[in-house]
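Presented below is the structure to which this report refers.
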Amino acid sequence: MTDSNHIDVVIVGAGHNGLVSAAYLSKSGLKVLLLEASNKVGGAATTSEFSEGFSVSECAHFLYSLHPTIVKDLQLADHGLSYAATDLETIALSSDGKHIRIAGSVIQGEDVTPSDIDNYRQFHAQMKRFAKVLATTFADRPPRLVNNDMKDKMSLLKLGWNARKMGKQEMQELLRIGAINIYDVLNENLDNQLLKGALSLEAVLGSHTGPRSPNTVLGLLYRRVGETFGFNGPAIPTGGMGNVSNAIASSATSLGATIRTGSRVERILIQEQKVAGVELDNGEIINCSRVISNADPKSTFSKLVGYPQLETGFSRRAANIRMKGNTAKLHLALDALPEFAGLNANDIGSRLVIAPDPDYVESAFNHAKYGEFSEHPIMEISIPSVHDTSLAPAGKHVLSAVVQYAPHNLKQGWSEANNEFKALLIDLLESYAPGLKKLIVDSELLSPADFESRFGTTAGHWHHGELALDQFLMLRPFPGMSQYTTPIGGLFLCGAGCHPGGNVMGLVGRNCANTLLEVGATSD
Amino acid sequence: MKKYDAIVIGAGHNGLTNAAYLAKAGLDVLVLEKNPYIGGATVSRELHEGWMYSNCSYVCSLLRPEISRDLNLPKFGLQVIPYVGGVTFKRDGDYFGNYDDHERQYREIARHSKRDANAYERYTADVTKQTRFIRPFLLRTPPDPTSFKPRDIQELLYLAKSFYNLGEKVLGDTLRFWTMSIGDFLDEYFETDVIKCHLAGSGIIGTALGVYSPGTAYVLLHHYMGEVDGSVGAWGFARGGMGSVAKALAGAFQSFGGEIRADAEVDRILATGGRTSGVVLANGDEIYADIVVSNLDPKRTFLDIMAEEDLPASVVKQARNFKIRGSSGKLNIALDGLPTFHGLPAKSPLMTGDMHFIDSLERMERAYDDWKNGTWSQDPYVDMLIPTQVDPTMAPTGKHMMSVFVQYAPPKLATGEWTDKDRDAFGKTVIDQIGTYSPNFKDLILHAEVRTPQDIEDEVGLTEGNIFQGELTFDQLLFNRPFPGYAQYRGPIKGMYMCSSGTHPGGGVMSAPGANAAREILMDLNHPSTVPEAYPDD
Amino acid sequence: MTDSEIPPLLLQTPFHSRVADACEINLWEDWKGYTTPAAYSNVELEYFAMRNSASIFDITPMTKYRITGTDGHAYLDRLVTRNLKKLDVGRVMYTAWCNDEGKVIDDGTIFHINDDTFILCSQERHLDWLEWSALGFDVKIEDVTEQIAALSFQGPTSCAILKKMDLEGVENLKPFDLHHYPFQQTELMVSRTGFTADLGYELWISPEHAENLWDALMKAGEDYNIKPVGSEALQIARVEAGFIQAGVEFVPAEQEVRVERSRSPYELGLGWLVHLKKSNFNGQQALKEEKLNGSRFRFTRLDVQGNKPAENSFIFNQQKKVVGMVTSAAWVPTAKRNIAFASLEMPWGKPGDELWAEIYYLRELKWARVLEKCTVLEEPIFDPERRHATPALDY
């Protein structure tokens, strides 16, 4: 094509996966146009100035599983990706000040016994081995089981082989705990309540599960996949998560992609079951025969495509995707660095966790089942300004906390409950960090309802669909639609609703781009 | 002292089935039972004069028809009568009934929602698909997925082929079904809470999970895969109570020359040099055999009646980690007459079926939260039946016996062990719930036996009172039951086997574990199998 | 609170008082929960009333949905395999509808009543599927089965009788036309449709006027040999007409349990109902693939030698290998043929194929077995001119 206006691929939504797709496709020589509704790139991986002078990662605030191949392929370091902190330790906060420090496989704390230390070392190593098996398929499309080709068969064989080569007993153990709940597995392996609480939180973060829900070991393994990607703990990108997105965007742009922000795609245009282009909310029409949607599968099919363009069985499966957003985000602008009882000032920049024991976490979850927010919530806290002074005015700080449980379908409605829940959270923080309240200059609570309106994800679900066994691998997002292609010719999905799922990993974007290139070679 | 060919510990239905098939092969078999009566949890007991209680298991469907016919159980007195009906009462005075006639059932669902009435057809078809998939595996030994032995590979291929034959989408649905919650599953079909509720019960009975816990859809399947006379999913009463099943199995066993000794509690399985040589009874008697089969659950088997030093450390750990949670209680009630229920027409055909008093999934889930908090459900899910409407043998004419299965009750309370006071309070909770819907119920009560999980454990020997001898969750099914590496009925020492519901395919009065274990034992003895193969599926 | 009566096992249609009076033989059956007659007096005479004069068959138990809303037309067009955009107000269309796999859920008729009102009439119930299909459409779907009483009024003298009832201009209704006529103090909807491949009408009325309609028909038909007919007579006429039936020729796709039990339109001889080129509809992608790659089965109408109905027969090929089975069979008295509908594995069932039916029949408590040669029929065996003639003939 010589037409300078010709576009090979339109990508709807500049979330990190959309950006990764754009970069890879541009790298392959395709002309890519990325359309983003908001006025900045990154989707949920963004940094926002929520109060004058105070900035914070809007959604996820740690990076722990960005795939190294992507970093390398897209030369993200050259495009501005740098870290204010890496391999952060986790401090499991205890109300009595006897916290536990978790650094990789090593734990330390006043009440920690030698057997705790030994048990955790073993447990950590086992989870890492299992995570490695799990990660086998992440960098490829999920294998089909029946109508499969050679690539699918190889992928399945690789998965089986990686499981088997751990040894007979280890494979048996993986098969056993694959579907089990984290609560039992923690009790089988560990004694320390505070440690188990912190691990419970890790297993359920971002999902509609409690530690006693079967399947939650998967949640833990899913996070631990990051360790096989070279992260020995969460990292804080300089400038917040927004800069990860900016780096990918810069890479994509340098490879030739065009990014237009402030351009909301109203619908995907379809003619004879094939993509014809997109229509923006201002009526502008962009013609194009290939579109990738970075939106979640449910909103892609219900809104951008429209169920009438699809068949009933397919629509039914899309409508039945389980996605109950449960996660909220608390942002505090602080006049000074808060003090946590019993916490060394050097440790305040660590990943701080409030989840005193697994039963506490489970009780917190109970409320979510009935459309109530937790009376005693769990929190994952970061004070990124400790590592990155650009986020707050000199001497001042921002506190960012991922909070559960805050169900999207709150009975009383979020507009009513936002302040109430925020006050409850601040009280909880105050109990661990006396005096914190007085330091608060400004605050913001983003409920799942806010996530939905801000980022467009259905029910404000962070992973674009529950990450559970029934929506995993070839079942993600649903049977019959798991390999990034859709029944609409030329329409692909690259959001976290597809395999391998959520977190800032970038692999969905990469897998989708690869699929498009394969399919594209044989179509039109 | 006489040496037997085989000793089976525990005269529950699986122990008796196992013993019967070994005896049928000509082995000299002794069954040892700690209680003065046989049957384990498959018993009928006269605990109130003139009334026979099925005081543990209470209805029959899962018993493999191949076994029932092969052992000629009808000849030994077993008669299973199908029952129909069933009703879930609503708080607003209405109810949802389960009629056996297709069209009356359609209209009953349609009374609540026409859409649901039609969706029920799709639900039935989809669940039947899953049922047909699982049934052929019941009388097969699960393969070891880590093994390279020809037999395991062959069985794995059989499994893989069964999967493959489903096709991509149905296979996907099957994998989803096995891993999702019954609540989520039902939400995909129905809009009416009471209908979901009526169906969801099968997903939690005997299970320490809530209706929204992943894995409970499979538990529902476990209750759907049985049959009465070829009618898959149907349930029936054993005439004379569930003890008739045990009695018939014992009759078959004895007809092959087998010997049963009651009041003979096993203290320990003898093991030397990595093989068993018999058992020691609680009274100190030693009885010898080269083969010892335990019908006790895996925890009791490996942690109580086997010495830690006789076992590989890994097995002890696996046994400790085995999930066997008490979550159910039981009331058995002698009634002076047939109770009436609010809103329900007198003599309604619905009353011969299972009755429930909880009308929303939220209430069911909250009942589970109580269990997690270490108390019995304050608003429990009960599965209540009055078999004497059909069975004339269990109570004096005109009087009735009521069986009330209660979900949930924890094995231990947050306050500590169950006390008599707690038991009374638990019984009162259940009786009050029923009383709310039945105006004359309380006045009709002549006698009530209230059984906590602790009582069930003490009397029957089921750890924590778990009715399935181990949770029926994915981590403990097929080649993971009771635990990986030991799913083929062989114990860790030579000559020692397992045949309880703690092995594949799990709990319910199915007799499949007992039969499957016998097949493996006979194989090890190079003896032709006496165990029937499953009927080919239609 | 519910009333404290045990609900009846079987319901009665609004015509029941008249049906019961006429049903001399007392041969009842359960049709979708309604008490309906298998026959009234003599199946043969009932059949010939249908073919020779006029017949009344109570079709109230048929499932009826009213679809309203601005997207009604688009909604139905996505639902079914035929191009529904061509269906004008006052017209009826026979069509099939499929699931995503391109397997037939059911076949039935769609009545375009007015701009945004349609009625869909079928053998099976589909509210679940219809509601799921409504995602993204502005439509309302109501089950109106119990709100509409209906009679199938078929036979050569049917038009003459309607004219006698003062349904002005009824003779001008073309096949698949529908029109509303004043009838007593109400409105009667008449469509020129039916299940017999003959001149005939279906009459739709509110239940409270059902008995009046019956009486009026019987009175007007006095001199025209009008007879109520039961399902057994209709069954013969259906086979003669060449019409398939849900639950007999195919398993409705959403109820399929076993693999390969459901059938695509192509596999049911309904390929003519599939308009692959129209805009998106359920099953389109799968049917396109099937069109390209071939079907698994072929629906054939067979003319079986001899006079023994080939009920439940296996069909053999020349090599005596089973290649399919019979789904419906009957000796048809007007066309004088022994007809069987069969579902055959591909590639069997082409015109000219040598096929054999294995027939078992009972004579004085003794079963006999014959192998009869079958001929694949290419043309309808019953298609009288009066079926198509407009204005309709008087007999």
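Some points to look at:
- Each peptide among B:512-522, B:307-317 gets the average number of other Cβ atoms lying within 10 Å of its residues, and from highest to lowest they stand as B:512-522, B:307-317.
- When only the Cβ of Lys, Arg, Asp and Glu is charged (+1, +1, -1, -1), the dipole of the protein assembly as shown relative to its Cα centre reaches about 3620 debye.
- Lys, Arg +1 and Asp, Glu -1 on Cβ, resulting dipole of the range C:296-390 about Cα centre, debye, nearest 20: 200 debye
- Charge context of C:Leu362, other residues only, Cβ under 12 angstrom, K/R +1, D/E -1: +2
- For A:Lys153, B:Lys149, the sequence from fewest to most other C-beta atoms within 10 Å is B:Lys149, A:Lys153.
- Phi-based couplings in Hz for the range A:68-75 (Karplus 6.51, -1.76, 1.60; Gly and Pro marked x): x, 4, 5, 4, 6, 4, 9, 6
- Working from Cα pairs under 8 Å separated by at least six residues, relative contact order for the range B:388-538 is 12 percent.
- For the range B:123-231, projected area of the alpha-carbon convex hull averaged over all directions, nm²: 8.1 nm²
- Residues in the range C:57-64 carry Karplus couplings, in order, of 10, 7, 10, 3, x, 4, 7, 10 Hz; the curve used is 6.51 cos²θ - 1.76 cosθ + 1.60 with θ = phi - 60°, and Gly or Pro positions show x.
- Under a model in which nothing but the beta-carbon of Lys, Arg (+1) and Asp, Glu (-1) is charged, the range B:123-231 shows a dipole of about 460 debye around its Cα centre.
- Cα centroid separation - the range B:332-376 against the range A:424-472, whole Å: 40 Å
- Percentage of interatomic Cα-Cα distances in the range B:356-450 larger than 24 Å: 28 percent
- Euclidean distance of C-alpha centroids, the range B:382-416 and the range A:148-196, integer Å: 41 Å
- Both the radius of gyration and Dmax for the range A:76-141 are 16.5, 47 Å, in that order, over alpha-carbon atoms.
- Multiplying each eigenvalue of the alpha-carbon gyration tensor of the protein assembly as shown by 5 and taking the square root yields semi-axes of 55, 46, 31 Å, largest first, rounded to whole angstroms.
- Charge dipole of the protein assembly as shown about the Cα centre (unit charges at C-beta), most positive-ward option of B:Ser294, C:Pro391, B:Ser61: B:Ser294
- Each peptide among B:31-43, B:50-62, A:492-504, B:278-290 gets the average number of other Cβ atoms lying within 10 Å of its residues, and from highest to lowest they stand as A:492-504, B:50-62, B:31-43, B:278-290.
- In chain C, a dipole from Cβ-located charges (positive for Lys and Arg, negative for Asp and Glu) runs towards its positive end, and of C:Pro347, C:Val139, C:Phe176 it is C:Pro347 whose Cα lies farthest in that direction.
- Based on the Stokes-Einstein relation at 25 °C and a viscosity of 0.890 mPa s, and on the Kirkwood radius from alpha carbon pairs, the range A:212-277 is assigned a translational diffusion coefficient of 150 µm²/s.
- Between the residues A:Ser453, A:Leu428, A:Leu439, the greatest Cα displacement towards the positive end of the dipole of the range A:425-475, with unit charges on the Cβ of Lys, Arg, Asp and Glu, is found for A:Leu439.
- Antiparallel beta bridges, as assigned by DSSP with both residues in the protein assembly as shown, represent about 80 percent of the total such bridges.
- Taking every C-alpha pair closer than 8 Å and separated by at least 6 residues, the mean separation divided by the residue count of the range C:296-390 gives a relative contact order of 33 percent.
- Equivalent ellipsoid semi-axes - Cα gyration tensor, chain B, angstrom: 36, 27, 22
- Counting only the Cα atoms, chain A fills a convex hull of 140 Å³ per residue.
- Peptide C:269-279 - average C-beta neighbours from other chains (10 Å radius): 1
- Kirkwood Rh in Å, taken over the range A:38-194 so that all alpha-carbon pairs contribute: 19.6 Å
- With a 10 Å cut-off around each Cβ of B:174-184, the average count of Cβ atoms from other chains is 5.
- Folded to 0 to 90 degrees: helix A:507-522 orientation relative to chain A principal axis, Cα: 10 degrees
- Residues whose placed amide H lies under 5 Å from that of B:Asn440, excluding near-sequence neighbours: B:Thr340
- DSSP beta bridges in chain B [antiparallel fraction, %, rounded to 5]: 70 percent
- Residue pairs, from the table B:Lys347/B:Lys442; C:Lys163/C:Lys227; B:Lys161/B:Lys494; B:Lys129/B:Lys169; C:Lys32/C:Lys336, whose Cα atoms sit over 21 Å apart: B:Lys161/B:Lys494; C:Lys32/C:Lys336
- Average beta-carbon neighbours from other chains, 10 Å sphere, peptide A:169-181: 6
- Inter-centroid distance (Cα atoms) of the range C:34-94 relative to the range A:479-500, Å: 41 Å
- Isolated Cys residues of the protein assembly as shown, judged by Cβ distance under 4.7 Å to other cysteines: A:Cys59, A:Cys288, A:Cys498, B:Cys56, B:Cys60, B:Cys197, B:Cys499, C:Cys23, C:Cys98, C:Cys121, C:Cys159, C:Cys374
- Selection of trypsin sites (Lys or Arg not before Pro), the range A:306-413, meeting DSSP coil and at most 15 other Cβ within 10 Å: A:Lys411
- With 5 Å bins beginning at zero, the pair-distance distribution over Cα atoms of the range C:296-390 amounts to 3, 14, 24, 23, 16, 9, 6, 3, 1, 0, 0 %.
- Cα Rg, Dmax (largest Cα-Cα span) when computed across the range C:168-286, Å: 18.9, 54
FYI, it's all coordinate maths here, none of it is from the lab. From a predicted model like this one, the values you see are computed outputs, not experimental measurements. Please note: Cβ atoms are built from the backbone with ideal geometry, for glycine as well, and neighbour counts cover all protein chains shown.
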